[in-house]
Amino acid sequence: QSQELSQVQIDYHAALQALVEDGTRMVCTGRMHTDRICRFESLCYSTEAEEFVYFHSNSSVMLPNLGSRRFQPALLDLSSVEDHNTQYFNFVELPAAVLKFMPKPVFVPDVALIANRFNPDNLMHVFHDDLLPIYYTMQQFSDLDLEARLFFMEGWSEGVHFDLYKLLSNKQPLLREQLKTLGRLLCFTKSYVGLSKITTWYQYGFVQPQGPKANILVSGNEIRQFTKFMMQKLNVSLEESSGEEYIVVFSRTINRLILNEAELILALAQEFQMKTITVSLEEHSFSDIVRLISNASMLVSMHGAQLVMSLFLPRGATVVELFPYAINPEHYTPYKTLATLPGMDLQYIAWQNTNREDTVTYPDRPWDQGGIAHLDKAEQERIIKSTEVPRHLCCRNPEWLVRAYQDTKVNIPSLIHVIRQTVKSKPGPKKQKWPGSLYPGKVRDAKCQASVQGTSEAKLAVSWQIPWNLKYLKVREVKYEVWIQEQGENTYMPYILSHQNHTFSENIKPFTIYLVWIRCIFNKNLLGPFADVLLCST
Ligand code: UDP
């Protein structure tokens, strides 16, 4: 892979003339800076000013044209982390005519995706904030194909996981620092700026304590499409659960240790009658870890970024997350949320150390490794006495850090007990069931017929046809839900029915208008859309 930009030959004079005459063109999607991605022609970047530059000419376009709202607070988020004030994107404006006084532009011929990585040294952040969002941003725009080039503008060096970023395109990704070596004024022929947030499932606690995102839009299906792509690129084949079943213990070797790992491995092997192996980021290559995890029946690990690797587990496998003393598993759920996404088909189990004797705390380490020696004595004492870290914001809460970096002697009987509450027989992969869950369409040809008996009684006969897609499907159970609402009232009577017609007589009054809402339900919980409301007069 070459770092040169000259793989596609471009006619320099034509490109320069186009830039001077046409200026920059920008058209964006999204209504807010937090959901915006912009496509540019002729967006430039001054490596001296470290600013993007938009050149105005008679033909330039800027949509949305926000005026000074472009700075309130920014045009868009450059990383997938929502509204983080260190991750904003904007540009400065100039008339294209001043190009003749500027350094000669160097044109970038590749289609570019310009974004920030959020925390490239942490594996959870690498997958959740960068790799998945980049992969699906590229899926969104057809010219962001494998020949596109990634530009990382956050300013970090490559980082330990750079090989993973390289898998997303055939061209070497470029870092902000490297742009200087290419020229003083770079102009991207075609570029996209920003990342899709559609696949992210977790918010890290910058404005409220961490937790699952409020509106998760990704399912296991899309996660698994992504992991399939990554495995192909890593040359890891998906073996059809050929060999022996086994358990993987993913261990950390620097901090947050399992102190009785040998005992834990033996106990798991004995309890589940399965081979049990350990892996760690320090001792195994990334592809080896993926190969091992992608065929495992169970993954056991301390809470921590390495657990994001459970996205490579086969369907039906079990994730066991171990939490150090005083850390409430319910308050730190990035891996639980991942494992329980619809269609991930993983079983998730959390275990917490509740014995003070089984924890080893390191209050004297530097603050970023959980040390608390810099705090005043009373505060240190309070923290050490506390039995649970209260909810807190990211990222430097010392009480959280000192607890997060404890080592743990895992209480084996208590762990086995917790696993056994969920895993009754043998854990293990299961054959993929397809399709996962399909929803019914609208019921069709709904009709109603009223009949009045005397002055106080009436009946309403309602009938409809099955949803159109049902005739192509095998569905275990088909039911219909009917709501009958008297016009002008805000309550309704709900009914669940098995047939395609029903005559309602309870609470039906003569000379009244009823609104009838009907929808189909597959297998108890797959609710379809309501058909157009029926107006029925008795
Ligand atoms: N890490 C590791 N072994 C260790 C400690 C950390 O491989 O003993 C990795 C970890 O998986 C993550 C990175 O180093 O990718 C940063 O770890 P940190 O403890 O800062 O973050 P956390 O795992 O709590 O998210």
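Can you pull out the residues in segment 52-63 that are surrounded by 18 or more Cβ atoms within 10 Å (Cβ to Cβ) and not small (G, A, S)?
F52, V53, Y54, F55, M62
Can you find even one residue in segment 82-102 that is more than 23 Å from G183 (Cα to Cα), modelled with pLDDT of 95 or more, within 16 Å of the ligand (Cβ to nearest atom) and within 25 Å of the chain's Cα centre (by Cα)?
Taking every residue of segment 82-102 in turn, none turns out to be more than 23 Å from G183 (Cα to Cα), modelled with pLDDT of 95 or more, within 16 Å of the ligand (Cβ to nearest atom) and within 25 Å of the chain's Cα centre (by Cα).
From the list A269, A296, pick out the single residue that is in a loop (DSSP other than H, G, I, E, B), away from the ligand (no atom under 14 Å from the Cβ), touching a strand residue (DSSP E or B) at 6+ places or on another chain (Cβ under 7 Å) and of a type in the set (G, A, S).
Unique residue meeting the criteria: A296.
Restricting segment 168-181 to residues that are more than 16 Å from A115 (Cβ to Cβ) and of a type outside the set (D, E, K, R), which is nearest to the ligand (Cβ to nearest atom)?
Looking at residues that are more than 16 Å from A115 (Cβ to Cβ) and of a type outside the set (D, E, K, R), I get N170.
Out of all the residues in segment 357-414, which are surrounded by fewer than 12 Cβ atoms within 10 Å (Cβ to Cβ), within 16 Å of the ligand (Cβ to nearest atom) and either at positive phi or in a loop (DSSP other than H, G, I, E, B) (or both)?
P366, R396
Failed condition for E282, given (1) crowded, with 19+ Cβ neighbours inside 10 Å; (2) within 13 Å of the ligand (Cβ to nearest atom); (3) in a loop (DSSP other than H, G, I, E, B); (4) of a type outside the set (A, V, I, L, M, F, W, C), with all others met?
So E282 meets the others, but not (1).
Among the residues of segment 104-124, which ones are within 16 Å of the ligand (Cβ to nearest atom) and surrounded by fewer than 22 Cβ atoms within 10 Å (Cβ to Cβ)?
N119, D121, N122, L123, M124 - these are the residues of segment 104-124 that are within 16 Å of the ligand (Cβ to nearest atom) and surrounded by fewer than 22 Cβ atoms within 10 Å (Cβ to Cβ).
Only residues that are crowded, with 22+ Cβ neighbours inside 10 Å and either more than 15 Å from the ligand (Cβ to nearest atom) or closer than 21 Å to M274 by Cβ (or both): list them for segment 327-340, please.
A339 - this is the single residue of segment 327-340 that is crowded, with 22+ Cβ neighbours inside 10 Å and either more than 15 Å from the ligand (Cβ to nearest atom) or closer than 21 Å to M274 by Cβ (or both).
Considering each of G194, G183, G205, G211 in turn, give the residue that is surrounded by 20 or more Cβ atoms within 10 Å (Cβ to Cβ) and in contact with a strand residue (DSSP E or B) (Cβ under 9 Å, 6 or more places away or on another chain).
G194
Report yes if V475 is part of a loop (DSSP other than H, G, I, E, B), surrounded by 10 or more Cβ atoms within 10 Å (Cβ to Cβ) and either aromatic (F, W, Y) or in contact (Cβ under 8 Å) with a residue 12 or more places away in the chain (or both), otherwise no.
yes
Step by step: first the residues of segment 64-81, then only those that are in a loop (DSSP other than H, G, I, E, B) and loosely packed, with under 14 Cβ neighbours inside 10 Å, then the one that is nearest to the chain's Cα centre (by Cα). Which residue is that? Working first, answer last.
Our first condition is that a residue be in a loop (DSSP other than H, G, I, E, B); within segment 64-81, this holds for 64-66, 72-75, 78-81.
When the remaining residues are screened for being loosely packed, with under 14 Cβ neighbours inside 10 Å, the result is 65-66, 72-73.
Values: N65: 30, L66: 29, Q72: 26, P73: 24 Å.
Step by step, filter segment 64-81, then rank; the result is P73.
If the Cβ limit is 6 Å and pairs must be 6+ apart or interchain, which residue in segment 422-438 that is modelled with pLDDT under 70 pairs with which residue that is among the small types (G, A, S)?
Matching pairs, first to second residue: K430/G316; G436/G343.
Please go through segment 419-429 and give me each residue that is surrounded by 15 or more Cβ atoms within 10 Å (Cβ to Cβ) and closer than 15 Å to L322 by Cβ, ordered by number.
Answer for segment 419-429, where residues must be surrounded by 15 or more Cβ atoms within 10 Å (Cβ to Cβ) and closer than 15 Å to L322 by Cβ: just I419.
Has segment 214-221 got at least one residue that is more than 16 Å from the ligand (Cβ to nearest atom), among the β-branched types (V, I, T), more than 21 Å from E321 (Cα to Cα) and buried (at least 19 other Cβ atoms within 10 Å of the Cβ)?
yes
Given the options K233, K275, name the one that is surrounded by fewer than 20 Cβ atoms within 10 Å (Cβ to Cβ), away from the ligand (no atom under 16 Å from the Cβ), without any contact (Cβ under 8 Å) to a residue 40 or more places away in the chain and basic (K, R).
K275
Does at least one position in segment 238-249 carry a residue that is surrounded by 12 or more Cβ atoms within 10 Å (Cβ to Cβ) and within 16 Å of the ligand (Cβ to nearest atom)?
yes
Answer yes or no as to whether I258 is more than 10 Å from the ligand (Cβ to nearest atom), of a type outside the set (F, W, Y), without any contact (Cβ under 8 Å) to a residue 60 or more places away in the chain and under 16 Å from E321 (Cα atoms).
Taking the combined requirement at face value, the residue does not satisfy it.
The values are calculated or read from the model by the stated rules, or taken from the named source; none is laboratory data. Computed from a prediction, not measured in an experiment: that's the story for all the values here. Because the Cβ atoms are built from the backbone with ideal geometry, glycine has one as well, and the counts that use them run over all protein chains shown.
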